[in-house]
Each structure stands twice: as structure tokens, then as C-alpha cells.
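To start, the structure itself, in C-alpha cells.
The values are calculated or read from the model by the stated rules, or taken from the named source; none is laboratory data. Values in this document were obtained by computation on a predicted structure and should not be read as measured data. Don't worry about glycine lacking a Cβ; one is built from the backbone with ideal geometry, like all the others, and counts go over all protein chains shown.
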Amino acid sequence: MRWRIAAALTIGMASTPAMAANKVAPLPPYVAAYQPTNVDERGAWMMADEDERHLRDAADVIRDPALNAYVRGVLCRTVGEDRCKSVRLYILRVPAFNATMTANGTMTIWSGALLRLRNEAELGAVLGHEFGHFELRHTLSSFRNRRSGSDLMAWASILVANSGAMQISTIGGFYAFDRAQETSADMIGVRYLATSRYPSAAAADVWDRIMGEADATAIGRHRKANQKYVAGFFATHPTNLARATYLRAAAQEIGDGGSAAADAYRAALAPWLPTFLADQVKLNDFGGSEFVLAQLAADGWTTPLLFARAELYRERGNPRDLVSAAGFYQDAIARGDAPPEAYRGLGLSLLRSQQIEPGKVALRDYLRRKPDAGDAALISTLVDS
Amino acid sequence: MSFRRLGLSVAIAAALISVPAIAGNKLIPAGTRIAVAKSTLTVQPASEWNKLGARPGRNAETWTLDGDALNDLTFYGGIDAGKPLFREADRKNRPLPTVSATMLITDIPALLESSYRIALGTAAMSIGTVEPVTFAGGKGVRFTYAFTRQGETLHRRGEGRGAMIGGRLYLITYEAPALYYFDRSVAAARQVADSARL
């Protein structure tokens, strides 16, 4: 079983008692090179080892040594040097906000999360949360909870007349147990931040923006923005709103400061930013992508951000979008360090807007700047026709 | 029950279970011109193919030699503006991009790329070379691509030919594992795509 930071699915209507008192507990004592102790835990580790062998060779793993060293460094600075030695960290190129942890210490963080986080403190909050699942042995306790629950249901179906209500409450108990584990991982994550150089308030900021993006995605798809105030019956995670609220309260209680290291984060991500942006733009999620871009451009529109925004508008392709796209391409080009593809996008936007001659000029520029482009032959026919 | 009897009954059970799944599959004979993807697009294969009963979408159809995981020749026959390339698994949360009547031929590979990225949940999908070609009598595009499904290690290669004709998208794609299978049947697939006519 894998632990994920984000709830993939929130359905159901029934409410559960809110986690009222989330006190920030001290960190548990740490044991180096922990080994699974009993048959249940050895089984969980064996399955996790098998999954990790598969993951290690997967095509989605980003193997760039610099990026891996950087993200690992943030993990170590958050949870401490001794703790971080027990983790193998994999960066996956998947454009969604997520991070996962398995029983044996396999941690993944997805490129969509790296794109959305703004500084080292927020990255530390996410990685610390995942490490919390590992340190608190959540996979094992969740497995045991489910097994004893299903044993209970099996006996109840034989021994108790009309045991349906009991089964429903037991199943509900599984999900409530998972949510309680998520909350405790959040709280231990805050505790790691508090002992690190990073400010613990960063954890709550992440969830505020995730809510904003979910609303923007819904509105962009002509749906109602739909934030849940209480976790549903089948929800595996607390609501984003609940997490933002209790994390904010916990950080205020701790009241620590420190630098979130936003500049260092931006610099480390810079080589990958165009790739991650392109992955996001190709998701056909105009509202969400526009929100992410606006968040990233809080301190001003850089060339990669302008180019990504132009591609996003050109992809949606309404007549007004093509006009906007051409403008963003021109802004990117005016900054002087735009990639050749900016001329390609400008040319194609203009062609689709029936501005044939200016479009051809831009496409000729593209061919001059990148004569060996994969689509050079095709673009030449557009210029010549 | 002896092992032999057990083996036989397992075989019968397997045959019974698999009957509904293969019921719609059909042998495509060599040398006959045939309409594909419930459209006016026709092709004339020089060798035998198998048509799968399961369609990727309303105006799409898949042929294969050894199973669609090993070689997959898919026809998209005149996808209307406003429609996605293939059936959407989750329209609410992961809607696919749709065909637009004003698309340039450069947008055809981009549409396939974006659709695959969303449907397969992977960022490991890229377009290779893109070149002009005459396809089904129209001005079209021929492109290569490569992708890996999320969490898999198997690299697949693909080749597509498409054109916008009368505001509709006509597209034929061939894809197979890069190891051995792509090269083995690419010539047969190209022959089918070359024979496309409207």
C-alpha cells in the first residue's frame, strides 16, 4: 500500500467528527536501519521491495543527479541527517500534485508537486509529511486495522442477525482511520519543520493554493467550484480546508521563523521548469494551468512562464485565445532569451488568425533559428504555400 | 479428479469465458478494399489483419496481428469538430482535447500527444519527426512518436498519418513495442496507410 499526500477521490456525503484537538506532539525517538519485526510487517516490506524494484527501472523516473541531490538535501534538512538516510527518494515525471511513501522507505515526489511548490520550506513540508507515514509505520497499522475489521465483519455476518449496519460502520471506520493517519502525518510533518531551519507556516500555504487551483480547474471546465468542508464517508484524506486550518493553527502554536529559501528553490528548478510547464500545459486543464502560471508569476512573468502561457492559449485556440497567445509569444521574444519554438508558436497563432504574411515571417524566423527541427519539413510547406 | 480432467475442464471454462470477448473480432482478408471506422475512409491491405471488436471510439477501429498490445493499427475516420479522438474514460475530471475545424495540420500530432498524455497518465509521450505527406487525397502530415505508459518500462514507438478534410480529422496510427515488434510489422502497416482513400 502506498501513502499519498493528496486525496485522489473524495466522494460520499456523510460527515465524520472533525479532528478537534491536534496538538503538536514531540518527535518520537529515532531508530537507524529499522528492520521489520513480525510476519505482517515483513510481508508489507517484501511487497514494497518488489514495487521498488519495478519503480527503479520505470521510464517516468527523473534521473538528473543535480535535481535529485537538491530534493534529497531539502528532505535531509527537514527531517534530519540520520532520518533521511533510511529513505530512497524517486522524482517521477507525472504532472499532478502528489507524493507517496511505502512501508520500506521508498519515497516518491511527482514533478507536478515540484512545479507547484514555491520554496524549500513547502517542499520540506510535503516530504516531511511522507516521512511521517514511514516513521509512524502507517502501512502496518492500516493493514492490521483493515484485517481486524474484515475479521469482525466475517464473524458478524455469521453470529449477528441484521449485521448490515455494523458492517457499514466498520467500513466507515477504515476510512476514518486513514484520515486520522493523514492528520497525524501532517502533524509530525509540522514538527519536523519546527526543528528544521524552515518556518513551519509553509505547510498550510500549500493547501491554500491547492484549493485555489481546484476551484480554477472547475470554473475553467464550466463547473461549480466545489470545496468540501467535511471529509466524506469514503474520503481517505481530510479535506484540503481542514488541513490548511489545523496546519496554520499548529504553526502559530509553534511560532518559529526562518527563511523559506524561495530563491534557492527557483534556481534549482530552473533547468526543469520549461519541461514541467510543457507537461502541465498539455493536460487540457486551462483554468488550473492558468492558476498555476499566475502563482508562479507572482514576482513577474519570466520568459519560460510567458512561453508556457502562450502555448496554453494557443492550445485552447478560440479566436480571442490566438490573439492573446500571439501577444504572449511576442512578450517572450521581446525579453531576448525566448526559445526558437516561440517563433513557431507565434507564426502558427497568426496563421490561424488569418494573418498570413506576418505568420510566415515568424515561421521563417523559426526555421532560421532551428534548421534541424523535427518539424522543419512541414513548417517549410506552410511558409511556401 | 485427475490432473488431466482438471486441465480439460479449465480449458473448457477458459473457452466459455473468452467467447464473448472474441465474438466481435473479425479476419480482414488480403487484397480487398474495405471501409474502416464506420466512415467513407477505405483501405486495401496486402496481407491479412484482425479487426478487434472493441472500438477505441465511435468513429475509430483497431486492427492487429498479434494483439493490440504488440501491434496496433488504429483508424480514426472523420472525427467531427468538438469531438475527442477516442472515448473519454473520465470526462468530468480528465476531459480530452477536441478536434477543431480550424486546426492546422501541425496541430494533429499535438492533439494525439495531449490525448495520450491524459488518457495514459504519462508525461513520457513525445512527438519525433513531423513531415508533409499526401494522405487520403488531402494535404496531410506524417509523424513519429514514442511513449511509455505510467509505471511501465516498455517503450513503444508509433507512426501516424493524418489530414483535416472537410473540417473532419482522418488519422491512421500504428504503434508497437520498440523492441522487435515495431520493425517487424511496420511495412505491413505502412502499406495499409498508403492505400487509404476517401
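Observations, loosely collected:
- Look at region A:231-242: where a residue is over 16 Å from residue A:129 (Cβ atoms) and a partner is among the charged types (D, E, K, R), sitting 6+ places away or on another chain with Cβ atoms under 6 Å, you get A:231/A:179.
- Look at (1) surrounded by fewer than 22 Cβ atoms within 10 Å (Cβ to Cβ); (2) part of a strand (DSSP E or B); (3) aliphatic (A, V, I, L, M) and you find that residue B:89 fails only one, number (2).
- Near pairs, Cβ below 8 angstrom, 6+ apart or cross-chain, from region A:206-224 (within 23 Å of residue A:125 (Cα to Cα) and within 14 Å of chain B (Cβ to nearest Cβ)) to any residue that is small (Gly, Ala, Ser) and buried (at least 17 other Cβ atoms within 10 Å of the Cβ): A:213/A:288; A:214/A:288
- When region B:108-126 is filtered for residues that are touching a Gly at 6+ places or on another chain (Cβ under 8 Å) and under 22 Å from residue A:350 (Cβ atoms), the ones remaining, listed by number, are B:108, B:109.
- Yes/no for residue A:266 being under 20 Å from the mean Cα position of the chain (by Cα) and of a type in the set (Lys, Arg): yes
- Scanning region B:72-95 for residues that are more than 14 Å from chain A (Cβ to nearest Cβ) and at positive phi yields a single hit, B:78.
- Whichever residue in region A:203-243 is small (Gly, Ala, Ser) and farther than 18 Å from residue A:182 by Cβ and, among such residues, is surrounded by the fewest Cβ atoms within 10 Å (Cβ to Cβ): A:225
- Looking only at residues in region B:121-143 that are more than 18 Å from residue A:282 (Cα to Cα) and hydroxyl-bearing (Ser, Thr, Tyr), the one that is surrounded by the fewest Cβ atoms within 10 Å (Cβ to Cβ) is B:134.
- Any hit, region A:259-272, residues being outside any helix (DSSP H, G or I) and under 20 Å from residue A:213 (Cβ atoms): yes
- You will find that of A:57, A:64, A:40, the residue that is modelled with pLDDT of 85 or more, charged (D, E, K, R) and under 24 Å from residue A:144 (Cα atoms) is A:40 and no other.
- Any hit, region A:358-374, residues being closer than 16 Å to residue B:107 by Cα, acidic (Asp, Glu) and within 13 Å of another protein chain (Cβ to nearest Cβ): no
Residue by residue, here is whether (1) polar (S, T, N, Q); (2) touching a residue at least 40 places away in the same chain (Cβ under 8 Å) holds:
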residue: A:130; (1), (2): no, yes
residue: A:138; (1), (2): no, yes
residue: A:151; (1), (2): no, no
residue: A:158; (1), (2): no, no
residue: A:167; (1), (2): yes, no
residue: A:172; (1), (2): no, yes
residue: A:175; (1), (2): no, yes
residue: A:181; (1), (2): yes, yes
residue: A:186; (1), (2): no, yes
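- Criterion (touching a Leu at 6+ places or on another chain (Cβ under 8 Å) and either at pLDDT 95 or above or of a type in the set (Lys, Arg) (or both)) met by exactly one of A:367, A:306, A:348: A:348
- Output for region B:124-179, where each listed residue is assigned to a loop (DSSP other than H, G, I, E, B) and not aliphatic (A, V, I, L, M): B:137, B:148, B:149, B:150, B:151, B:152, B:153, B:155, B:166, B:167
- For the residues B:174, B:180, the requirement of being surrounded by fewer than 20 Cβ atoms within 10 Å (Cβ to Cβ) and more than 9 Å from chain A (Cβ to nearest Cβ) singles out B:180.
- Strands (runs of 3 or more DSSP E) completely within region B:18-86 that count 1 or more residues being touching a residue at least 24 places away in the same chain (Cβ under 8 Å), of a type outside the set (Gly, Ala, Ser) and under 28 Å from residue B:98 (Cα atoms): B:49-51, B:60-64, B:72-79
- Only residues that are surrounded by fewer than 15 Cβ atoms within 10 Å (Cβ to Cβ) and either at the interface with another protein chain (Cβ under 10 Å from one of its Cβ atoms) or without any contact (Cβ under 8 Å) to a residue 24 or more places away in the chain (or both) were counted in region A:337-357, giving 3.
- Residue ID - farthest from residue A:385 (Cα to Cα), chosen from residues in region B:143-153 that are in contact (Cβ under 8 Å) with a residue 24 or more places away in the chain and more than 7 Å from chain A (Cβ to nearest Cβ): B:149
- Only a single criterion out of (1) in contact with a helix residue (DSSP H, G or I) (Cβ under 7 Å, 6 or more places away or on another chain); (2) surrounded by fewer than 16 Cβ atoms within 10 Å (Cβ to Cβ); (3) of a type in the set (Ser, Thr, Tyr) is not satisfied by residue A:259, namely (1).
- Residue that is surrounded by the fewest Cβ atoms within 10 Å (Cβ to Cβ), among those in region B:100-120 that are more than 23 Å from residue A:379 (Cβ to Cβ) and more than 7 Å from chain A (Cβ to nearest Cβ): B:120
- Per the listing B:128, B:140, B:158, the residue uniquely under 24 Å from residue A:94 (Cα atoms) and within 13 Å of chain A (Cβ to nearest Cβ) is B:128.
- Among the residues listed as A:249, A:225, the single one being at negative phi and either touching an Asp or Glu at 6+ places or on another chain (Cβ under 7 Å) or polar (S, T, N, Q) (or both): A:225
- Among the residues listed as A:293, A:305, the single one being in contact (Cβ under 8 Å) with a residue 24 or more places away in the chain, within 28 Å of residue A:210 (Cβ to Cβ) and away from chain B (no Cβ under 14 Å): A:305
- Among the residues listed as B:117, B:149, B:168, the single one being touching a helix residue (DSSP H, G or I) at 6+ places or on another chain (Cβ under 9 Å) and over 13 Å from residue A:59 (Cβ atoms): B:117
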